[in-house]
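Everything below concerns the one structure shown next.
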Amino acid sequence: MAQFFDEPSRTFNEYLLVPGYSSAECIPDNVDLKTPLVKFKKGEAPALFINIPMVSAIMQSVSGEKMAIALAQEGGISFIYGSQSVEDEAEMVARVKAYKAGFVPSDTNLSPEDTMQDCLDIKQRTGHSTVAITSDGTANGQFLGIVTSRDYRVSRMDPATKVKAFMTPKDKVVSAPEGTTLKEANNIIWDNKLNTLPIINKDGTLAYFVFRKDYSVHKSNPLELLDSKKRYLVGAGINTRDYAERVPALIDAGTDVLCIDSSEGFTEWQRLTLGWIREHYGDRVKVGAGNVVDAEGFRFLAEAGADFVKVGIGGGSICITREQKGIGRGQATAVIEVARARDEYYKETGVYIPICSDGGIVYDHHITLALAMGADFVMLGRYFSRFDESPTRTVTINGNYMKEYWGEGSSRARNWQRYDMGGKKELSFEEGVDSYVPYAGSLHDNVTGTLSKIRSTMCNCGALSISDFQQNAKLTLVSATSITEGGAHDVILKDTNVQPIR
Ligand code: IMP
């Protein structure tokens, strides 16, 4: 007879944290959110930490190089999406590793033969108003000048006006040569009251831009996640099909950690992939696996050699797996059970394997709940897709700014390897949707707000570190009626159109 789990599986919304005693040192500034990313033996330090418990999802619509840089600046890590060619993924990783804080390769480029309309289109696409004008319209062509929104007037000029007619030519642009340090660049920006300083190679090609606004960003990122050579840490997604080709290319490109991206991790394919990596790289290469939703799945991946285990099936915001296939488990129940399995495994073997709660985070407090339930960190897709740094278009719908966000199992991404059960090389049916999410601004502003809520709740529970929180948090199930009580209720929310009558 089939096995039945006695309890219904629960979601984050069905739980609340019960406050614990807060001593005088329980203030948000004292909370340390550093958490292990990969497995370690009792008494030893993990080879990789992250400084905040947030990683970005292995998705085309989330984790490109801009996301990876912005998140590493905050202390988290991105996993560059694997549903692209091996070369393209390796190049993205290499660009993150080559990124010199403060020196930005230009992503908004045109040639002198392009038009004012092209300026407007590219500004809309990238969100940047400084356009580099190069001989061939690429980021590394001969530098010829700059266009900013001050150089053209939409209401007065023909959209077909060529860029060469209104750009600021290179002899009128203050620039600096290759080899200029960040400090020197910032002094030039300051002395000349500039917003942007182009850095030019010896052969006259454009190398980077240094932006005035980035100087303060760099200064205000005390948690940034750097390797021993002061480069940002970055992860990359792999699959269980082309690992013999993809893994070496990603390692050569400088990837710090890999993760098998699959909708279902309790499979022979994952065991073979992990086995191949161990055979060729031993423990030097760190690799996460998943996704699983129960103790059995965790144990399987732990024994197969995973460095961390990802938890969650069917809970993602763009996910229709439960509807299509009828598999999955409430995310809270899955995390609680896998966390228990991780603790038992640790007691038995002395090896701690971090777990990542993947998908289904709707409110910031869901992250806090996931940590309290035992997750070491969380993976988020929808959350990050709303920010400037996600690699998708910003559009307006009924006057509201939106970002595109689509699932890896949608026909737009066609990531068949993520769903492959050894069959044909295409998606047999969709497991994800193509959607929009409300645009929410910069990653920095949003992550800062989210972390301050997490720190504050941890203080209410008397915990100053994630491991302390995992061990001592008190959680309660809530009834359907107490969920209503949790929001504003029995009041009419203020509306700006209200006219006072007295
Ligand atoms: P979110 O944070 O709730 O948006 O969930 C993101 C997670 O959903 C990802 O990290 C994946 O594990 C999962 N996911 C991504 N694409 C799909 C899909 O097309 N179908 C089902 N799950 C997906």
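The figures follow:
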item: Yes/no for G330 being out of contact with any Pro (no Cβ under 9 Å at 6 or more places or on another chain) and of a type in the set (G, A, S); result: no
item: Criterion: under 30 Å from D114 (Cα atoms) and over 24 Å from the mean Cα position of the chain (by Cα) - qualifying residue of K183, K202; result: K202
item: Test set (1) assigned to a helix (DSSP H, G or I); (2) in contact (Cβ under 8 Å) with a residue 12 or more places away in the chain; (3) open to solvent by 10 Å² or more (accessible area, probe 1.4 Å); (4) within 16 Å of the ligand (Cβ to nearest atom) - A334 fails condition number; result: (3)
item: Total residues in segment 13-31, condition open to solvent by less than 30 Å² (accessible area, probe 1.4 Å) and under 30 Å from T484 (Cα atoms); result: 2
item: Yes/no for A341 being crowded, with 19+ Cβ neighbours inside 10 Å, over 21 Å from the mean Cα position of the chain (by Cα) and more than 30 Å from D252 (Cβ to Cβ); result: yes
item: Candidates S63, S78, S56, filtered to the one that is open to solvent by less than 30 Å² (accessible area, probe 1.4 Å), under 25 Å from D283 (Cα atoms), touching a residue at least 40 places away in the same chain (Cβ under 8 Å) and touching a Phe, Trp or Tyr at 6+ places or on another chain (Cβ under 6 Å); result: S56
item: Test: residue in segment 249-262 that is out of contact with any Phe, Trp or Tyr (no Cβ under 9 Å at 6 or more places or on another chain), surrounded by 15 or more Cβ atoms within 10 Å (Cβ to Cβ), in a loop (DSSP other than H, G, I, E, B) and among the β-branched types (V, I, T); result: yes
item: Pair list, Cβ under 7 Å, 6 or more apart: segment 308-331 residue touching a residue at least 12 places away in the same chain (Cβ under 8 Å) and within 8 Å of the ligand (Cβ to nearest atom), other residue open to solvent by 60 Å² or more (accessible area, probe 1.4 Å) and not β-branched (V, I, T); result: G314/R322; I320/E430
item: When residues of segment 388-401 are limited to those that are within 15 Å of the ligand (Cβ to nearest atom) and surrounded by fewer than 24 Cβ atoms within 10 Å (Cβ to Cβ), the one farthest from the chain's Cα centre (by Cα); result: T392
item: A370 assigned to a loop (DSSP other than H, G, I, E, B), within 15 Å of the ligand (Cβ to nearest atom) and aliphatic (A, V, I, L, M); result: no
item: Pairs where the first residue, in segment 189-200, is closer than 16 Å to G141 by Cα and the second is open to solvent by less than 30 Å² (accessible area, probe 1.4 Å) and part of a helix (DSSP H, G or I), C-beta under 9 Å, 6+ apart; result: I199/A185
item: Segment 32-53, residues that are open to solvent by 10 Å² or more (accessible area, probe 1.4 Å), in a loop (DSSP other than H, G, I, E, B) and on the phi < 0 side of the Ramachandran plot; result: K34, K39, K42, E44, A45, P46, A47, L48, N51
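The values are calculated or read from the model by the stated rules, or taken from the named source; none is laboratory data. As the structure is a computational prediction, the values presented were derived from the model and not from experiment. Note that we place each Cβ from the backbone using ideal geometry, even for glycine, and neighbour counts take in every protein chain shown. Protein only, heavy atoms only, side chains kept; ligands, DNA and RNA dropped before computing areas. Shrake-Rupley method; radii C 1.70, N 1.55, O 1.52, S 1.80 Å.
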